[in-house]
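Chemist: Can you keep this structure in mind? I'll have questions shortly.
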Amino acid sequence: MEKKRLGFSAEEIEEIHYLTSEFFNNISHEIRTPMHAILGFSELLNVSGISEIKRMEFVDVIQRNGQQLLDVVGHILKISELATKQIIVLETEVCLNDLMFELFLDFKDSAEEKKIQLYLNTPLSGNLSTIITDNLKLNKILRILLENALKYTNGGIVEFGYKLENKKILIYIKDTGVGIEKSKHITIFKPFSKAKIDLSKNTSGLGLGLSIALENVKLLGGRLHVDSEKGKGATFFVTLPYKYVFVEEV
């Protein structure tokens, strides 16, 4: 009676229980792993006689794992904010060319570490690329998509940029990575998704990034979708209103 009243079949309830369990197991892993590293290397810092080079290496490990923990907490809080609609959109003038070049510089080293060729395409001039949108949210969206592209690509190519299409800005992030089955193109954007869990099994992270990106794109009045096949890479598209601001160039 209870199952019927809630509108869920026995199979759906079992699936929800499975996904919830997997999700929280993942959270536990993502918290415990960096915490163990922080505690372990903190103890090593107290060992007498270690060289200054080793000491700096230990500090670097502690800082990187501390940032990883902060990212985990940040993603969980962001999902909570989006779920409860506690979000304000602050529209300002944003130069897409400047924003994307900053992202290119930020991700260049990570790409080089994985032997990935990173390309940027910004076809509009500086004044035509200045639009009205929420800078922080757009930055967050693109960082999530670029992080995913680099995460699931090894030794290939990642290209990102934008173009003007039908009076809208079409931003794309294209990679030559593992790709995504067409049957999972919708479910990967859901916070609790078996497709997301399967995709993330061999990588770190909670798998909340795409959910956060999608909700932020909606807040900006846009659309987020993916074109991909398993084994053939993926291209994520962000379509935004082209609220063009003319900026006189000096």
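No lab work stands behind these numbers, since they all come straight from the coordinates. Here the structure is a predicted model, which means the values were calculated and not measured. Cβ atoms come from the backbone with ideal geometry, glycine included; neighbour counts cover every protein chain shown.
Chemist: For Asn154 and His36, FRET efficiency with R0 = 41 Å and r from the beta-carbon atoms, rounded to 0.05?
Modeler: Result of the calculation: an efficiency of 0.95.
Chemist: Using the structure shown, select from Lys115/Lys140; Lys115/Lys163; Lys114/Lys243; Lys108/Lys168; Lys182/Lys243 the pairs with a Cα to Cα distance greater than 30 angstrom.
Modeler: Over 30 Å Cα-Cα: Lys114/Lys243; Lys182/Lys243.
Chemist: Please work out the Kirkwood hydrodynamic radius for the stretch 92-241, using every pair of different C-alpha atoms, and report it in angstroms with one decimal place.
Modeler: Answer for the stretch 92-241: a Kirkwood hydrodynamic radius of 15.6 Å.
Chemist: Then there's this: With a point put 7 Å past each Cα toward its Cβ, work out how far Leu219 is from Ile132 in nm, to one decimal.
Modeler: Going by the 7 Å Cα→Cβ label model, 1.9 nm.
Chemist: For the stretch 219-248, which chymotrypsin sites (Phe, Trp or Tyr not before Pro) are in a loop by DSSP, counting at most 15 other Cβ atoms within 10 Å?
Modeler: The qualifying sites are Phe246.
Chemist: How do 54-62, 174-182 rank on mean C-beta neighbours within 10 Å, highest first?
Modeler: 174-182, 54-62
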